[in-house]
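First the structure, in the form of structure tokens, and then the observations on it.
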Amino acid sequence: MLIERIHHVAYRCNDARETVHFYRDLLEMEFLLAISEDRVPSTKEPDPYMHVFLDAGQGNVLAFFELPNSPAMGRDPNTPNWVQHIAFKVRDVATLNKVRQRLQDRGIEVVGPTNHELFQSIYFFDPNGHRIELAADTTTPEALAQLKSIADQMLDDWTRSKRTVRHAAWLHEKELGAG
């Protein structure tokens, strides 16, 4: 494989300090470093910024830009809020529930836990309006292998029809009471 891992994922934030404190204090991410410059390195445009980096585990880094001279942040109005999100893996369901309680104790609204059969997850928003998902795996290697074996066919069928394909319906049959 060409790709080794995610080097970093970068999003915009309203306030770099508030963002660092949220991820450090509530999700226990280590604050790794900060970079601030007057010019964008790739384009050389004059645009002062603060760029902060947090350890998202196993070499993955979550980064944010605070851009004080840009218009206020917005969302894509044509994309539902539930679509765009950052999902982080946690050790187990007990950890998921512990973080859920920690967030709720701080007055943060949490959706879930939601049972996706492969994993359970909770959802909430960070101070910048980014939707965050924490997920605890609950599946088996056999189930993942079965899903991988039908992935290409599902994609082909979806591409042709743009309609729900039912090849993996067995995944939720138990949840729907059919199994």
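The values are calculated or read from the model by the stated rules, or taken from the named source; none is laboratory data. Everything numeric in this text was worked out from a predicted model, so none of it was measured. Counting neighbours? That spans all protein chains shown, and the Cβs are built from the backbone with ideal geometry, glycine included.
This table checks each residue for (1) under 20 Å from ALA16 (Cβ atoms); (2) modelled with pLDDT of 95 or more; (3) polar (S, T, N, Q); (4) assigned to a strand (DSSP E or B).
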position: ASP38; (1), (2), (3), (4): yes, no, no, yes
position: PRO48; (1), (2), (3), (4): yes, no, no, yes
position: PHE53; (1), (2), (3), (4): yes, yes, no, yes
position: GLN58; (1), (2), (3), (4): no, no, yes, no
position: PHE64; (1), (2), (3), (4): yes, yes, no, yes
position: PRO71; (1), (2), (3), (4): yes, no, no, no
position: VAL83; (1), (2), (3), (4): no, no, no, no
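One line per residue, one yes/no per condition, for (1) among the polar types (S, T, N, Q); (2) under 30 Å from ASN14 (Cα atoms); (3) touching a strand residue (DSSP E or B) at 6+ places or on another chain (Cβ under 8 Å); (4) outside any helix (DSSP H, G or I):
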{"position": "ILE122", "(1), (2), (3), (4)": "no, yes, yes, yes"}
{"position": "PRO127", "(1), (2), (3), (4)": "no, yes, yes, yes"}
{"position": "GLU142", "(1), (2), (3), (4)": "no, no, no, no"}
{"position": "MET154", "(1), (2), (3), (4)": "no, no, no, no"}
{"position": "ARG163", "(1), (2), (3), (4)": "no, no, no, yes"}
{"position": "ARG166", "(1), (2), (3), (4)": "no, no, no, yes"}
**Item:** Of the criteria (1) within 28 Å of THR19 (Cα to Cα); (2) in contact (Cβ under 8 Å) with a residue 24 or more places away in the chain; (3) not small (Gly, Ala, Ser), which one LEU118 fails
**Value:** (1)
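Taking LEU67, is it in contact with a strand residue (DSSP E or B) (Cβ under 8 Å, 6 or more places away or on another chain), more than 24 Å from ARG5 (Cα to Cα), touching a residue at least 24 places away in the same chain (Cβ under 8 Å) and assigned by TED's automatic domain parsing to the domain that holds VAL20? Spell out the reasoning first.
Values: in contact with a strand residue (DSSP E or B) (Cβ under 8 Å, 6 or more places away or on another chain): yes; more than 24 Å from ARG5 (Cα to Cα): yes; touching a residue at least 24 places away in the same chain (Cβ under 8 Å): yes; assigned by TED's automatic domain parsing to the domain that holds VAL20: yes.
Yes; evaluated as a whole, the condition is true for this residue.
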**Prompt:** Limited to segment 126-174, what total is found for residues that are touching a helix residue (DSSP H, G or I) at 6+ places or on another chain (Cβ under 7 Å) and of a type in the set (D, E, K, R)?
**Reply:** 1
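Does segment 157-178 include one or more residues that are in contact (Cβ under 8 Å) with a residue 60 or more places away in the chain and not charged (D, E, K, R)? Talk me through it step by step, then tell me what you get.
Taking segment 157-178 first, the residues in contact (Cβ under 8 Å) with a residue 60 or more places away in the chain are 175.
Still in the running and not charged (D, E, K, R): none.
No - not one qualifying residue is present in segment 157-178.
From LYS44, LYS98, which residue is outside any strand (DSSP E or B), basic (Lys, Arg), out of contact with any strand residue (DSSP E or B) (no Cβ under 8 Å at 6 or more places or on another chain) and surrounded by 11 or more Cβ atoms within 10 Å (Cβ to Cβ)?
Details: LYS44 fails: surrounded by 11 or more Cβ atoms within 10 Å (Cβ to Cβ).
None of the others qualify; the one that does is LYS98.
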